[in-house]
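Structure record follows, encoded as structure tokens.
The values are calculated or read from the model by the stated rules, or taken from the named source; none is laboratory data. All of these numbers come straight from a predicted model, not from anything done at the bench. Every residue, glycine as well, gets a Cβ built from its backbone with ideal geometry; the counts of neighbours run over all protein chains shown. We work out accessible area using only protein heavy atoms, side chains counted, and drop any ligands, DNA or RNA first. Shrake-Rupley method; radii C 1.70, N 1.55, O 1.52, S 1.80 Å.
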Amino acid sequence: MRWWDIDPVLELEKDLFPEDAWSRGMFWSELAHARGPEATRRYVVAVEGDRIVGYAGLVASGDLADIQTIAAARDHWGTGLGGRLLTELLRAATAFECAEVMLECRIDNVRAQKLYERYGFEAIGFRRGYYQPGNVDALVMRLTDPTTSVQGTEIHG
């Protein structure tokens, strides 16, 4: 993801997460830490033709990575795009030499939870009222070895 991707990403963000969409400033801040030798973030976009149909981001801190966001356009649900984005983030976590990957998922987003479970994530707790302003709880999930979830997986453009 680059700065020129922010506007189309924001459109998708507002469609998919109307109550708790990220702001332009949040994406700018994340991208500011995604380049150079001191980079601690990895943000990617999925493009079909000239349209961004998905995006994902991760932050690394020491041996721990935290998935910040994964999103696929509604017309791409069920196509495997979410899995490809997740695989790319797990590869990034491995490149950052992270031993564990954490994430928060809306408690009512069962589809996403099933995706994460297929990749080896396990539920380890809850964060009450994590998603605001809707006051929706988050399920906290952890993957203890990101390298095992990406072995043998290929991504084709």
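Overview of results
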read-out	value
Hits in region 42-85 (condition: of a type outside the set (Gly, Ala, Ser) and within 10 Å of the chain's Cα centre (by Cα))	Arg42, Tyr43, Val44, Tyr55, Leu58, Val59, Asp66, Ile67, Gln68, Thr69, Ile70, Leu85
Helices (runs of 4 or more DSSP H) wholly inside region 69-157 that include at least 3 residues being surrounded by fewer than 17 Cβ atoms within 10 Å (Cβ to Cβ) and at pLDDT below 95	110-118
Qualifying residue in region 10-28 (condition: of a type in the set (Ser, Thr, Tyr), part of a helix (DSSP H, G or I) and open to solvent by 20 Å² or more (accessible area, probe 1.4 Å))	no
Top-ranked residue of region 31-59 - restricted to ones that are at pLDDT 95 or above and of a type in the set (D, E, K, R), ranked as farthest from Asp75 (Cα to Cα)	Arg41
Cross-chain or 6+ apart pairs with Cβ under 7 Å, region 107-133 first and of a type in the set (Lys, Arg), then part of a strand (DSSP E or B)	Arg127/Glu104; Arg127/Asp137; Arg127/Ala138; Arg127/Val140; Arg128/Asp137
Meets criteria (open to solvent by 40 Å² or more (accessible area, probe 1.4 Å), closer than 23 Å to Ser23 by Cα, without any contact (Cβ under 8 Å) to a residue 12 or more places away in the chain and part of a strand (DSSP E or B)) for Arg42	no
